[in-house]
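For reference, the structure is listed below as structure tokens.
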Amino acid sequence: QVQLVESGGGLVQAGGSLRLSCVASGSIFSIEAMGWWRQAPGKQRDLVACISSGGSTNYADSVKGRFTISRDNAKNTVYLQMNSLKPEDTAVYYCNSDLRTDLRYGLRGYWGQGTQVTVSS
């Protein structure tokens, strides 16, 4: 059993900052990529940022220069530092992790339950 639990969402004014955290726990052998996705009402879920086990990062164009993704492999935790927030960043933010529960098994993707981020103008 694997769980991803996000925290850190909330209400913030435009221009403000928030830091999201996501901890993966349970029967984990190894974690490859970890990432953050977001879904606004009536829209599809889109990738915000992802980070490989080696630390390589990738960002959506809309958040480059404002958001920073990082991870602590010892804690199975991924972070998303969000600065200069805009009303259009308002969405439910989901954590995703590609991991193995056993050396014999392949990679499988897991999702957190989501955390709401609301940016007021």
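The values are calculated or read from the model by the stated rules, or taken from the named source; none is laboratory data. Just so we're clear, the structure is a prediction, and the values are computed from it rather than from any experiment. All Cβ positions, even for glycine, are placed from backbone atoms using ideal geometry, and neighbour counts span all protein chains on display. The protein model used for the area step is the full one, side chains on, heavy atoms only, and it has no ligands, DNA or RNA in it. Shrake-Rupley method; radii C 1.70, N 1.55, O 1.52, S 1.80 Å.
Annotations
- So LEU80, is it closer than 14 Å to LEU4 by Cα, open to solvent by less than 60 Å² (accessible area, probe 1.4 Å), aliphatic (A, V, I, L, M) and not in a loop (DSSP other than H, G, I, E, B): no
- In the range 55-70, residue least open to solvent (accessible area, probe 1.4 Å) [restricted to those that are more than 15 Å from ARG19 (Cβ to Cβ) and hydroxyl-bearing (Ser, Thr, Tyr)]: TYR59
- Within the range 92-121, residues that are basic (Lys, Arg) and modelled with pLDDT of 95 or more have Cβ atoms under 7 Å from residues that are surrounded by fewer than 20 Cβ atoms within 10 Å (Cβ to Cβ) and assigned to a strand (DSSP E or B) in no pair, counting only partners at least 6 apart in sequence or on another chain.
- Filter result for LEU11 (open to solvent by 60 Å² or more (accessible area, probe 1.4 Å), touching a residue at least 24 places away in the same chain (Cβ under 8 Å), outside any loop (DSSP other than H, G, I, E, B) and aliphatic (A, V, I, L, M)): yes
- Looking only at residues of the range 54-66 that are assigned to a loop (DSSP other than H, G, I, E, B) and small (Gly, Ala, Ser), we find that the one that is nearest to the chain's Cα centre (by Cα) is ALA60.
- Failed criterion for ARG19 (all others in (1) farther than 16 Å from MET82 by Cβ; (2) touching a Phe, Trp or Tyr at 6+ places or on another chain (Cβ under 7 Å) hold): (1)
- In summary, LYS86 fulfils each of the numbered conditions (1) basic (Lys, Arg); (2) surrounded by 12 or more Cβ atoms within 10 Å (Cβ to Cβ); (3) under 27 Å from ARG108 (Cβ atoms) with the single exception of condition (3).
- Selected residue (criterion: surrounded by the most Cβ atoms within 10 Å (Cβ to Cβ)) from residues of the range 107-121 that are more than 11 Å from LEU4 (Cα to Cα) and hydroxyl-bearing (Ser, Thr, Tyr): THR115
- Any hit, the range 41-53, residues being in a loop (DSSP other than H, G, I, E, B), in contact with a Lys or Arg (Cβ under 9 Å, 6 or more places away or on another chain) and hydrophobic (A, V, I, L, M, F, W, C): no
- Residue selected from the range 23-38 under the condition over 17 Å from ARG100 (Cα atoms) and open to solvent by less than 60 Å² (accessible area, probe 1.4 Å), by the criterion farthest from the chain's Cα centre (by Cα): ARG38
- Within the span defined as the range 40-54, one or more residues are open to solvent by less than 60 Å² (accessible area, probe 1.4 Å), modelled with pLDDT under 95 and either touching an Asp or Glu at 6+ places or on another chain (Cβ under 8 Å) or not β-branched (Val, Ile, Thr) (or both).
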